[in-house]
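The values are calculated or read from the model by the stated rules, or taken from the named source; none is laboratory data. In this text, all values refer to a predicted model and were calculated from it rather than measured experimentally. Because the Cβ atoms are built from the backbone with ideal geometry, glycine has one as well, and the counts that use them run over all protein chains shown.
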Amino acid sequence: MQIIQHQSELRQALQGAPRIALVPTMGNLHQGHLSLVQQAAATGALVVVSIYVNPLQFGANEDFNRYPRTLAQDIALLENAGVDVLFVPENHTIYPDFDASQRSTGQDVLVSLTAVADRLCGASRPGHFNGVATVVLKLFNLVFFNGCQQAIALFGKKDFQQLSVIRQMVRQFNLPIEIIAAPTIREPDGLALSSRNGYLSPAQRALASGLYQTLLNSAQQHQAQHPLSSAQIRALEAQAQAQLQQLGWRVDYVQICHPDTLLPAQGKQASYVILGAAYLGETRLIDNIEYQI
Ligand code: AMP
(Lines give C-alpha, C1' and ligand atoms only; values in the text may rest on other atoms or scores of the structure.)
Protein backbone atom coordinates (compact mmCIF):
# COMPACT_ATOMS: atom_id res chain seq x y z
CA MET A 1 0.00 0.00 0.00
CA GLN A 2 1.40 3.33 -1.09
CA ILE A 3 0.64 6.25 1.24
CA ILE A 4 0.36 9.53 -0.64
CA GLN A 5 -0.18 13.11 0.46
CA HIS A 6 0.37 15.24 -2.62
CA GLN A 7 -1.51 15.63 -5.86
CA SER A 8 1.56 15.12 -8.07
CA GLU A 9 2.47 11.81 -6.39
CA LEU A 10 -1.14 10.71 -6.65
CA ARG A 11 -1.25 11.44 -10.38
CA GLN A 12 1.95 9.45 -10.82
CA ALA A 13 0.69 6.47 -8.83
CA LEU A 14 -2.61 6.32 -10.73
CA GLN A 15 -1.22 7.07 -14.20
CA GLY A 16 -2.40 4.47 -16.66
CA ALA A 17 -4.64 2.54 -14.25
CA PRO A 18 -7.61 1.53 -16.44
CA ARG A 19 -10.03 0.92 -13.54
CA ILE A 20 -10.03 2.66 -10.19
CA ALA A 21 -12.33 2.10 -7.20
CA LEU A 22 -12.36 4.94 -4.67
CA VAL A 23 -13.52 4.72 -1.04
CA PRO A 24 -13.69 8.22 0.49
CA THR A 25 -13.56 8.32 4.31
CA MET A 26 -12.82 10.62 7.20
CA GLY A 27 -10.69 7.97 8.92
CA ASN A 28 -11.05 6.42 12.38
CA LEU A 29 -11.78 3.31 10.39
CA HIS A 30 -14.01 0.47 11.51
CA GLN A 31 -15.54 -2.65 9.96
CA GLY A 32 -18.09 -0.52 8.08
CA HIS A 33 -15.30 1.24 6.21
CA LEU A 34 -13.47 -2.07 5.72
CA SER A 35 -16.55 -3.62 4.15
CA LEU A 36 -16.46 -0.85 1.52
CA VAL A 37 -12.78 -1.57 0.93
CA GLN A 38 -13.53 -5.28 0.50
CA GLN A 39 -16.20 -4.50 -2.07
CA ALA A 40 -13.84 -2.14 -3.85
CA ALA A 41 -11.17 -4.85 -3.98
CA ALA A 42 -13.75 -7.35 -5.30
CA THR A 43 -14.29 -5.17 -8.39
CA GLY A 44 -10.73 -6.00 -9.47
CA ALA A 45 -9.96 -2.29 -9.92
CA LEU A 46 -7.03 -0.45 -8.38
CA VAL A 47 -8.25 0.47 -4.90
CA VAL A 48 -7.80 3.99 -3.53
CA VAL A 49 -8.91 4.89 -0.01
CA SER A 50 -8.90 8.52 1.02
CA ILE A 51 -8.79 9.81 4.57
CA TYR A 52 -9.62 13.46 5.01
CA VAL A 53 -11.59 15.17 7.78
CA ASN A 54 -13.29 17.77 5.64
CA PRO A 55 -13.72 21.09 7.48
CA LEU A 56 -16.24 22.32 4.89
CA GLN A 57 -18.88 19.80 5.93
CA PHE A 58 -18.84 20.65 9.65
CA GLY A 59 -20.99 23.43 11.10
CA ALA A 60 -19.46 26.03 13.42
CA ASN A 61 -20.75 24.28 16.54
CA GLU A 62 -20.09 20.75 15.37
CA ASP A 63 -17.36 18.27 16.26
CA PHE A 64 -14.67 19.09 13.66
CA ASN A 65 -11.99 19.76 16.29
CA ARG A 66 -12.63 16.68 18.34
CA TYR A 67 -13.42 14.33 15.43
CA PRO A 68 -11.23 11.23 16.06
CA ARG A 69 -8.01 11.26 14.05
CA THR A 70 -6.29 7.87 14.29
CA LEU A 71 -4.07 7.66 11.22
CA ALA A 72 -1.53 5.11 12.54
CA GLN A 73 -4.31 2.74 13.57
CA ASP A 74 -6.11 3.30 10.23
CA ILE A 75 -2.95 2.47 8.26
CA ALA A 76 -2.53 -0.76 10.25
CA LEU A 77 -6.14 -1.73 9.48
CA LEU A 78 -5.77 -1.01 5.76
CA GLU A 79 -2.34 -2.61 5.38
CA ASN A 80 -3.65 -6.07 4.48
CA ALA A 81 -7.07 -5.10 3.20
CA GLY A 82 -6.25 -5.01 -0.52
CA VAL A 83 -5.69 -1.24 -0.76
CA ASP A 84 -3.28 -0.04 -3.43
CA VAL A 85 -3.15 3.65 -2.55
CA LEU A 86 -4.03 5.45 0.66
CA PHE A 87 -4.51 9.13 -0.11
CA VAL A 88 -4.18 11.39 2.93
CA PRO A 89 -4.33 14.90 1.47
CA GLU A 90 -3.29 18.04 3.29
CA ASN A 91 -5.77 20.91 3.53
CA HIS A 92 -4.00 22.83 0.76
CA THR A 93 -4.31 19.94 -1.67
CA ILE A 94 -8.07 19.92 -1.27
CA TYR A 95 -8.54 23.65 -0.73
CA PRO A 96 -5.90 25.66 -2.66
CA ASP A 97 -6.84 28.85 -0.80
CA PHE A 98 -6.99 27.22 2.62
CA ASP A 99 -6.18 29.75 5.35
CA ALA A 100 -5.38 28.16 8.68
CA SER A 101 -5.15 31.48 10.52
CA GLN A 102 -8.69 32.42 9.46
CA ARG A 103 -9.92 28.84 9.89
CA SER A 104 -11.24 29.15 6.37
CA THR A 105 -11.18 26.72 3.46
CA GLY A 106 -11.17 29.71 1.08
CA GLN A 107 -13.54 27.66 -1.06
CA ASP A 108 -15.94 29.99 -2.85
CA VAL A 109 -17.10 27.58 -5.54
CA LEU A 110 -19.48 25.07 -4.05
CA VAL A 111 -21.48 22.14 -5.29
CA SER A 112 -24.84 23.25 -4.03
CA LEU A 113 -27.70 20.80 -4.22
CA THR A 114 -31.21 21.78 -3.37
CA ALA A 115 -34.09 19.33 -3.19
CA VAL A 116 -32.41 16.22 -1.83
CA ALA A 117 -29.95 18.12 0.38
CA ASP A 118 -32.23 20.59 2.13
CA ARG A 119 -34.28 18.07 4.04
CA LEU A 120 -33.65 15.68 6.95
CA CYS A 121 -29.99 16.09 8.02
CA GLY A 122 -29.65 19.04 5.64
CA ALA A 123 -32.33 20.95 7.55
CA SER A 124 -30.50 20.67 10.88
CA ARG A 125 -26.99 20.86 9.42
CA PRO A 126 -27.19 23.77 6.93
CA GLY A 127 -24.41 23.60 4.35
CA HIS A 128 -23.36 20.10 5.38
CA PHE A 129 -24.19 18.44 2.09
CA ASN A 130 -22.67 21.28 0.06
CA GLY A 131 -19.46 20.53 1.95
CA VAL A 132 -19.79 16.80 1.31
CA ALA A 133 -20.60 17.15 -2.39
CA THR A 134 -17.81 19.67 -2.91
CA VAL A 135 -15.10 17.52 -1.31
CA VAL A 136 -16.32 14.37 -3.06
CA LEU A 137 -16.24 16.11 -6.44
CA LYS A 138 -12.67 17.23 -5.70
CA LEU A 139 -11.67 13.68 -4.75
CA PHE A 140 -13.30 12.36 -7.93
CA ASN A 141 -11.28 14.88 -9.98
CA LEU A 142 -8.03 14.11 -8.18
CA VAL A 143 -8.40 10.34 -8.42
CA PHE A 144 -10.25 9.71 -11.68
CA PHE A 145 -8.98 12.54 -13.91
CA ASN A 146 -5.90 10.56 -14.92
CA GLY A 147 -7.12 8.83 -18.03
CA CYS A 148 -8.77 6.04 -16.10
CA GLN A 149 -11.47 4.39 -18.21
CA GLN A 150 -13.66 2.98 -15.51
CA ALA A 151 -14.31 4.99 -12.38
CA ILE A 152 -16.06 3.41 -9.40
CA ALA A 153 -16.81 5.05 -6.05
CA LEU A 154 -18.21 3.27 -3.02
CA PHE A 155 -20.42 4.78 -0.31
CA GLY A 156 -22.25 3.30 2.65
CA LYS A 157 -26.02 3.21 2.99
CA LYS A 158 -25.46 4.11 6.64
CA ASP A 159 -25.34 7.70 5.33
CA PHE A 160 -28.39 7.24 3.14
CA GLN A 161 -29.00 10.90 2.39
CA GLN A 162 -25.31 11.43 1.59
CA LEU A 163 -25.57 8.60 -0.93
CA SER A 164 -28.59 10.30 -2.54
CA VAL A 165 -26.70 13.60 -2.71
CA ILE A 166 -23.72 11.93 -4.41
CA ARG A 167 -25.96 10.07 -6.85
CA GLN A 168 -27.72 13.31 -7.69
CA MET A 169 -24.42 15.14 -8.20
CA VAL A 170 -23.14 12.37 -10.49
CA ARG A 171 -26.39 12.42 -12.45
CA GLN A 172 -26.71 16.16 -12.78
CA PHE A 173 -23.05 16.80 -13.60
CA ASN A 174 -22.96 13.89 -16.08
CA LEU A 175 -20.02 12.33 -14.29
CA PRO A 176 -18.92 9.02 -15.82
CA ILE A 177 -18.62 7.38 -12.42
CA GLU A 178 -20.33 4.23 -11.18
CA ILE A 179 -21.60 4.55 -7.61
CA ILE A 180 -21.76 1.38 -5.54
CA ALA A 181 -23.88 1.48 -2.38
CA ALA A 182 -22.84 -0.81 0.46
CA PRO A 183 -25.04 -2.18 3.26
CA THR A 184 -24.73 -0.88 6.82
CA ILE A 185 -22.50 -2.88 9.14
CA ARG A 186 -23.85 -3.08 12.70
CA GLU A 187 -22.84 -4.12 16.19
CA PRO A 188 -24.53 -7.31 17.44
CA ASP A 189 -27.23 -5.25 19.17
CA GLY A 190 -28.06 -3.40 15.95
CA LEU A 191 -26.16 -0.13 16.50
CA ALA A 192 -24.72 1.00 13.17
CA LEU A 193 -20.93 1.27 13.33
CA SER A 194 -19.88 4.91 13.33
CA SER A 195 -16.80 6.88 14.28
CA ARG A 196 -19.09 8.97 16.49
CA ASN A 197 -20.01 5.92 18.63
CA GLY A 198 -16.67 6.52 20.35
CA TYR A 199 -18.11 9.68 21.91
CA LEU A 200 -20.70 7.67 23.87
CA SER A 201 -20.33 7.03 27.59
CA PRO A 202 -20.97 3.42 28.70
CA ALA A 203 -24.47 4.44 29.84
CA GLN A 204 -25.19 6.11 26.48
CA ARG A 205 -23.76 3.13 24.61
CA ALA A 206 -26.24 0.90 26.44
CA LEU A 207 -29.07 3.05 25.04
CA ALA A 208 -27.62 3.54 21.58
CA SER A 209 -29.15 0.54 19.80
CA GLY A 210 -32.55 2.09 20.62
CA LEU A 211 -32.39 4.17 17.45
CA TYR A 212 -32.10 1.12 15.21
CA GLN A 213 -34.63 -0.87 17.26
CA THR A 214 -37.18 1.95 17.10
CA LEU A 215 -36.78 2.39 13.34
CA LEU A 216 -37.05 -1.37 12.89
CA ASN A 217 -40.22 -1.49 15.00
CA SER A 218 -41.83 1.26 12.95
CA ALA A 219 -40.86 -0.36 9.65
CA GLN A 220 -42.32 -3.69 10.80
CA GLN A 221 -45.48 -1.97 12.02
CA HIS A 222 -45.85 -0.25 8.64
CA GLN A 223 -45.41 -3.56 6.84
CA ALA A 224 -47.97 -5.26 9.10
CA GLN A 225 -50.54 -2.46 8.82
CA HIS A 226 -50.17 -1.76 5.12
CA PRO A 227 -51.84 0.07 3.46
CA LEU A 228 -51.35 3.20 5.60
CA SER A 229 -52.48 6.62 4.42
CA SER A 230 -50.06 9.50 4.35
CA ALA A 231 -51.55 10.80 7.64
CA GLN A 232 -51.13 7.39 9.26
CA ILE A 233 -47.51 7.27 8.15
CA ARG A 234 -46.94 10.69 9.77
CA ALA A 235 -48.54 9.32 12.95
CA LEU A 236 -46.18 6.33 12.87
CA GLU A 237 -43.24 8.73 12.63
CA ALA A 238 -44.55 10.73 15.60
CA GLN A 239 -44.94 7.54 17.61
CA ALA A 240 -41.32 6.55 16.87
CA GLN A 241 -40.14 10.00 17.98
CA ALA A 242 -42.08 9.70 21.23
CA GLN A 243 -40.61 6.24 21.84
CA LEU A 244 -37.09 7.57 21.33
CA GLN A 245 -37.74 10.46 23.70
CA GLN A 246 -38.93 8.01 26.32
CA LEU A 247 -35.72 6.05 25.84
CA GLY A 248 -33.67 9.18 26.62
CA TRP A 249 -32.97 10.56 23.14
CA ARG A 250 -33.36 14.14 21.92
CA VAL A 251 -34.90 13.57 18.51
CA ASP A 252 -33.97 15.55 15.43
CA TYR A 253 -36.25 13.68 13.03
CA VAL A 254 -37.80 10.35 12.17
CA GLN A 255 -39.18 10.24 8.66
CA ILE A 256 -40.50 7.56 6.35
CA CYS A 257 -39.50 8.50 2.83
CA HIS A 258 -39.44 7.43 -0.75
CA PRO A 259 -35.96 5.90 -1.15
CA ASP A 260 -35.23 7.66 -4.45
CA THR A 261 -36.46 11.18 -3.76
CA LEU A 262 -36.26 11.17 0.06
CA LEU A 263 -39.58 13.00 0.02
CA PRO A 264 -42.07 12.01 2.75
CA ALA A 265 -43.72 8.73 1.76
CA GLN A 266 -47.36 8.98 0.75
CA GLY A 267 -48.18 5.31 1.25
CA LYS A 268 -48.62 4.44 -2.42
CA GLN A 269 -45.24 2.96 -3.24
CA ALA A 270 -43.65 -0.46 -2.72
CA SER A 271 -40.27 0.70 -1.39
CA TYR A 272 -39.65 2.83 1.67
CA VAL A 273 -36.80 4.02 3.82
CA ILE A 274 -37.24 5.11 7.42
CA LEU A 275 -34.54 7.54 8.51
CA GLY A 276 -33.79 8.87 11.96
CA ALA A 277 -31.37 11.28 13.61
CA ALA A 278 -31.23 11.79 17.35
CA TYR A 279 -28.90 12.87 20.12
CA LEU A 280 -27.64 11.04 23.17
CA GLY A 281 -26.12 13.89 25.14
CA GLU A 282 -24.03 15.86 22.65
CA THR A 283 -23.63 12.95 20.26
CA ARG A 284 -25.78 12.97 17.16
CA LEU A 285 -26.36 9.55 15.64
CA ILE A 286 -28.17 8.66 12.41
CA ASP A 287 -29.56 5.44 11.05
CA ASN A 288 -32.00 4.17 8.45
CA ILE A 289 -33.70 1.01 7.25
CA GLU A 290 -34.97 0.28 3.75
CA TYR A 291 -38.02 -1.93 3.46
CA GLN A 292 -40.49 -3.20 0.93
CA ILE A 293 -44.20 -3.73 1.19
P1 AMP B 1 -17.08 8.44 7.14
O2 AMP B 1 -15.65 8.13 7.44
O3 AMP B 1 -17.97 8.39 8.33
O4 AMP B 1 -17.24 9.69 6.31
O5 AMP B 1 -17.59 7.25 6.22
C6 AMP B 1 -16.93 6.89 5.05
C7 AMP B 1 -17.79 5.93 4.28
O8 AMP B 1 -18.04 4.78 5.07
C9 AMP B 1 -19.16 6.52 3.90
O10 AMP B 1 -19.50 6.10 2.58
C11 AMP B 1 -20.06 5.90 4.94
O12 AMP B 1 -21.40 5.79 4.51
C13 AMP B 1 -19.43 4.54 5.11
N14 AMP B 1 -19.81 3.96 6.40
C15 AMP B 1 -19.74 4.54 7.62
N16 AMP B 1 -20.24 3.73 8.56
C17 AMP B 1 -20.65 2.60 7.94
C18 AMP B 1 -21.26 1.38 8.36
N19 AMP B 1 -21.57 1.16 9.64
N20 AMP B 1 -21.53 0.44 7.43
C21 AMP B 1 -21.23 0.67 6.12
N22 AMP B 1 -20.65 1.79 5.66
C23 AMP B 1 -20.37 2.74 6.55
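The table for this structure:
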{"read-out": "Criterion violated by ASN28 - all others in (1) touching a Lys or Arg at 6+ places or on another chain (Cβ under 8 Å); (2) closer than 23 Å to GLY106 by Cα satisfied", "value": "(2)"}
{"read-out": "Filter pass, ALA60 being away from the ligand (no atom under 16 Å from the Cβ) and either touching a Pro at 6+ places or on another chain (Cβ under 7 Å) or not acidic (Asp, Glu) (or both)", "value": "yes"}
{"read-out": "Selected residue [among the small types (Gly, Ala, Ser), touching a strand residue (DSSP E or B) at 6+ places or on another chain (Cβ under 7 Å) and modelled with pLDDT of 95 or more] from ALA238, ALA203, ALA270", "value": "ALA270"}
{"read-out": "Which numbered condition LEU142 fails, given (1) within 14 Å of the ligand (Cβ to nearest atom); (2) within 30 Å of VAL88 (Cβ to Cβ)", "value": "(1)"}
{"read-out": "3 or more residues closer than 18 Å to GLN168 by Cβ and either modelled with pLDDT of 95 or more or not aromatic (Phe, Trp, Tyr) (or both): qualifying helices (runs of 4 or more DSSP H) within the range 52-158", "value": "115-118, 121-124, 128-144"}
{"read-out": "Enumeration of residues in the range 16-45 that are modelled with pLDDT of 95 or more, outside any strand (DSSP E or B) and away from the ligand (no atom under 16 Å from the Cβ)", "value": "ALA17, PRO18, GLY44, ALA45"}
{"read-out": "Members of the range 229-250 that are outside any helix (DSSP H, G or I) and surrounded by fewer than 18 Cβ atoms within 10 Å (Cβ to Cβ)", "value": "SER229, LEU247, GLY248, ARG250"}
{"read-out": "Test: residue in the range 195-203 that is charged (D, E, K, R), within 13 Å of the ligand (Cβ to nearest atom), in contact (Cβ under 8 Å) with a residue 12 or more places away in the chain and closer than 23 Å to VAL53 by Cβ", "value": "yes"}
{"read-out": "Sole residue being in contact with an Asp or Glu (Cβ under 8 Å, 6 or more places away or on another chain) and more than 21 Å from LEU142 (Cα to Cα), chosen from ASN28, ASN61", "value": "ASN28"}
